[in-house]
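Below you'll find the structure I mean.
The values are calculated or read from the model by the stated rules, or taken from the named source; none is laboratory data. Quick caveat, the model's predicted, so the values are computed rather than measured. Backbone-built Cβ (ideal geometry, glycine too); neighbour counts: all protein chains shown. Only protein heavy atoms, including side chains, enter the accessible area calculation; ligands, DNA and RNA are left aside. Shrake-Rupley method; radii C 1.70, N 1.55, O 1.52, S 1.80 Å.
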Amino acid sequence: MNVKKQSIMMRLAQHFNRFQSAAVYQIMQRSLTLLFPFVLIGSISQLIQLALFNRNSFVVNVFHLSNWLSKRNIFQMMFDSITSLTLGIVAALAAMCAARYTAKHYKRDEQLASITGLIAYLILALRLTPNEGLSFNSQMLGMGGLFFGLLVGYLTGLAFKKLGRPHRRDLPLNGSAVGRSLDSMWAILLVLGVILGLSVLLNWLAISILPDQVILRLQSLKANQTGLLFTLGTSLAATSLTFFGLTSMPTLAQFGREGIASSANLNYAFSHHTAWHVPYPFTLGTLYEPFGAIGGTGGTLALVIAVFIFSKQRDYHLIGRWSLLPVLFNFNSAVLVGMPVIGNGLYVIPFLLVPLVNMGIASAAVALNLMPSVVFTVPLGTPGLLQAFMGTNGNLVALAVTVLNVVVGVMIYKPFVQLADQLALVKEAA
């Protein structure tokens, strides 16, 4: 059995090695790696902002910091600005990075390409306001628009490949700027013209290209999160979108906290003075956030622990150490971008599988009456490991199931982390 497992992993290693050698894959992964420090800073700032400067947060309520909070508005504004200018514009930065690396790969002007990619994506994110003004769609600029940022950047680089001339690095600085710009003028005009037309079309149709808006509209369904299959299917769809940079965990968390099922469960718990036997035990609110997404979408706390235990790559350990604190509070953007996990075929199986297995374990525990459902709203910024415990009003079995889920998640991620080590060794040898 061990030999068979090693044979399967070796075949997977060969497959992923070929996949990782593709130009588009390398461009995307390099772009994400370049974004990592900014995403990390934004994640930490977002965590501080939520944990320390929100009156309803877990830390503020536990340590009674309300009086301290009222005197620190200036710091709240500072961290809000840092989050907005790092994590809040990461998709636009991704467009700039992808355009730069694509142009560089094809030996075109990478500096002009990066500026063009950034401007193009900002135009795409522009929206008309009711008073005929202009504003940016904040969701498109953040993590939920990461895929579109990478796509716009890559297509911008391809336009420079087709219409731009090879980058002339040997020209002197004086007098060469105009000629260098004219070399790529047709590429710039094409990209900005196409993006402007697409932006006008999106504004005219008044639609969003973000799939998470579709997920949120599922709340209008009559089923409204009440069945186990519906819950597992919706979480799988949203996790898949997150893997490709098309949505982010707050969307699914919001979906789980709202709706008929959540209100009915809470009303039952208050009227019967117990969380046992609520009418809708298997919903996104009772299963996904407290059990399926410990450490963020994809159960990435388990991935970080698996890296610490099984990985020999120094870079992975550095990323894990820097990202551990945000991950403990379910902010996993730094892990998704830094490893990177987004768009990395190596991690697609565990990323999708871990939440489903964890939710299955939790639903089995509820069905066997080992623990009640998670029905109580927990404070914002509650650590992922404590959400089920607090959401069941302090049930110890719920806490034990949470720990079990992390252990199971680590074991699911283990062979893929080890496979990443093998690929790194192959790459070094080559």
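Out of the residues in region 192-245 that are under 30 Å from LEU112 (Cα atoms), not in a helix (DSSP H, G or I) and not hydrophobic (A, V, I, L, M, F, W, C), state the one that is modelled with the lowest pLDDT.
The qualifying residue modelled with the lowest pLDDT is SER208.
Considering only residues of region 248-287 that are within 19 Å of PRO355 (Cα to Cα), polar (S, T, N, Q) and open to solvent by 30 Å² or more (accessible area, probe 1.4 Å), which is modelled with the lowest pLDDT? Reasoning before the result, please.
To start, the set of residues in region 248-287 that are within 19 Å of PRO355 (Cα to Cα) comprises 248-257, 281-287.
With polar (S, T, N, Q) added as a condition, the list becomes 248, 251, 254, 283, 286.
Remaining after also requiring open to solvent by 30 Å² or more (accessible area, probe 1.4 Å): 248, 254.
Details: SER248: 59, GLN254: 55.
Applying the filter and picking the extreme gives GLN254.
Under 9 Å by Cβ, and 6 or more places apart or on different chains, what pairs join a residue from region 154-173 that is within 14 Å of GLU110 (Cα to Cα) with one that is charged (D, E, K, R) and at pLDDT 90 or above?
Filtered contacts from region 154-173: GLY157/ARG100; GLY157/LYS104; HIS167/LYS104.
May I pose another question? Go through region 115-129 residue by residue and tally those that are assigned to a helix (DSSP H, G or I) and out of contact with any Phe, Trp or Tyr (no Cβ under 8 Å at 6 or more places or on another chain).
6
Yes/no per residue for (1) touching a helix residue (DSSP H, G or I) at 6+ places or on another chain (Cβ under 8 Å); (2) under 30 Å from ASN61 (Cβ atoms); (3) at pLDDT below 90:
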| position | (1), (2), (3) |
| --- | --- |
| PHE389 | yes, yes, no |
| GLY394 | no, yes, yes |
| VAL397 | yes, yes, no |
| ALA420 | yes, no, yes |
| GLU428 | no, no, yes |
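May I pose another question? May I ask you to verify whether GLY149 is closer than 22 Å to TRP204 by Cα, modelled with pLDDT of 90 or more, assigned to a helix (DSSP H, G or I) and open to solvent by less than 30 Å² (accessible area, probe 1.4 Å)? Talk me through it step by step, then tell me what you get.
Details: closer than 22 Å to TRP204 by Cα: yes; modelled with pLDDT of 90 or more: yes; assigned to a helix (DSSP H, G or I): yes; open to solvent by less than 30 Å² (accessible area, probe 1.4 Å): yes.
Here the answer is yes, as GLY149 does meet what is asked.
Of all residues in region 130-146, count the ones that are open to solvent by less than 70 Å² (accessible area, probe 1.4 Å), part of a helix (DSSP H, G or I) and more than 17 Å from LEU205 (Cα to Cα). Don't jump to the end; show me each part of the working.
Of all residues in region 130-146, those open to solvent by less than 70 Å² (accessible area, probe 1.4 Å) come to 133, 135, 137, 140-146.
Those still in the list that are part of a helix (DSSP H, G or I) too: 140-141, 143-146.
Still in the running and more than 17 Å from LEU205 (Cα to Cα): 141, 143-146.
So the answer is 5.
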